[in-house]
Amino acid sequence: MAYKQTSQKFNAAINSVEIGTGNKTLALGGENVLPFYSFDGPILNPPRVGVEISDLGMNDKLAGMLNFYGDTQDVVELVKKASGMPGAEFICLVLDSADPDGENRSVEDCVAMVKSVEEAATLPLMVMGCGNTEKDTVLFEKISEALEGKNIVILSAKEENYKNVGASAGLAYGQKVGAESSVDINLAKQLNVLLTQLGVNNKNIIMNLGSATAGYGFEYVVSTMDRVKMAALGQNDTALQMPIVTPVSSETWSVKESLLEQEDMPEWGSRENRIIDMEVATAAACLAAGSNAVILRHPSTVEAISQMIKELI
């Protein structure tokens, strides 16, 4: 008997969220099929690939990074080069310098720097904070105000500061808001509900569900993303129909396989190859599980994942 393929059709869809303006505009989400199920229906907006840039410059002198960026440490120049990286579709600027336990760069200096980056970039911009909730809350408000009309993404509003970030970024200044939770479908849904109750349009919210490096409890990430997508599409749960963006590089560059030099573990081979392998494996798994965009760091990874997406859509 001949095999007859049955399409899995859903009456619901992931929200299509536009970021950037003019020729920088990019759409995330919008699909009503499972990840890469293009045989069940068209995927109008394929998964996107972003490049992470720290405002502290490029501290890891890997050959592939140096070959692409050169030896510049100027964040604006790094962003200009990243904007032309093969496969790159948006920039994610991380404000590491604002950390009170580090350089403790002032809010005013950070805002001025972000404005310069947005002007220099030819791709849409996402902004991540330093990880200090109190400092990030002030940063996000001032950056949202300074870049009003630029339609950037503020990553991320958390349970501790969603009221301030949602009110400033999402309501007062019209930016997109990233809702950050910790790999838990209930926490993700709760935060989305709280933001919408605050008044933020659900079409202006994206989710950062959190991640882990492949091999480090990653099966829980997969199961969470899978549950979110099935609830959004199969149960038409509007509180979970926001596109998912996953910062991959912050996880994969911090595990021992990526940190240890070849001299320390000669049997593991090249450290740079290990970093690329960890990024590629984790990013591919996140996309297959339901992420609509991944944030990466190494040029080889960005190109490889971008090519994978093209081959599968």
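Computed from the coordinates by the stated procedures, all read-outs in this text should not be read as laboratory data. Bear in mind that the values here come from a model prediction, so they are computed numbers and not experimental data. Because the Cβ atoms are built from the backbone with ideal geometry, glycine has one as well, and the counts that use them run over all protein chains shown.
As a footprinting exposure proxy, order 228, 255, 165 by other Cβ within 10 Å, with the fewest listed first.
255, 228, 165
What ranking do 226, 109, 74 get, fewest neighbouring Cβ atoms within 10 angstrom at the top?
Neighbour counts put them in this order, fewest first: 74, 109, 226.
Counting only C-alpha contacts under 8 Å and six or more residues apart, can you give the relative contact order of segment 1-137 as a whole percent?
The normalised contact order for segment 1-137 reaches 22 percent.
Could you work out which residue, out of 161, 201, 23, moves most in a Gaussian network model of the chain, that is, has the largest mean-square fluctuation with Cα springs under 10 Å?
23
Can you tell me how segment 44-92 classifies by the Cα gyration tensor, rounded, prolate or oblate, using a/c under 1.5 as the rounded cut?
prolate
Is the C-alpha gyration tensor of segment 1-90 telling us rounded, prolate or oblate? Criteria: a/c under 1.5 is rounded; beyond that, a/b larger than b/c is prolate, otherwise oblate.
prolate
Hey, in the GNM for the chain with a 10 angstrom Cα cutoff, which one of 124, 35, 266 fluctuates hardest?
In this elastic network of the chain, the residue with the biggest mean-square fluctuation among 124, 35, 266 is 266.
Report which label in [x] 24.6, 78; [y] 19.0, 70; [z] 24.3, 90 holds the value of Rg and Dmax of the Cα atoms in Å derived from the coordinates of this structure.
[y]
Can you give the calculated 222 nm mean residue ellipticity of the chain, where each DSSP H run of n ≥ 4 adds -39,500 (n - 2.57) and the sum is split over every residue, rounded to the nearest 500 deg cm²/dmol?
The helix-only estimate for the chain comes to -11500 deg cm²/dmol at 222 nm.
Among 158/310; 158/203; 135/176; 9/163, which pairs are too far apart, with a Cα-Cα distance over 26 Å?
158/310; 9/163
With contacts defined as alpha carbon pairs under 8 Å and 6 or more residues apart, what's the relative contact order of the chain in percent?
Across the chain, relative contact order equals 21 percent.
Taking the number of other C-beta atoms within 10 Å as the exposure measure, put 97, 249 in order starting with the fewest.
97, 249
Under the classification rounded if a/c is under 1.5, otherwise prolate if a/b is larger than b/c and oblate if not, where does segment 200-313 fall, given a ≥ b ≥ c as square roots of the Cα gyration tensor eigenvalues?
Prolate shape, in that a/c is at least 1.5 and a/b is the bigger ratio.
With the chain treated as a Gaussian network of Cα nodes joined by springs under 10 Å, which of 192, 164, 208 yields the largest mean-square fluctuation?
The residue that fluctuates most here is 164.
Roughly what % antiparallel, to the nearest 5, for the DSSP beta bridges in the chain?
Once the DSSP bridges in the chain are tallied, antiparallel ones form about 10 percent.
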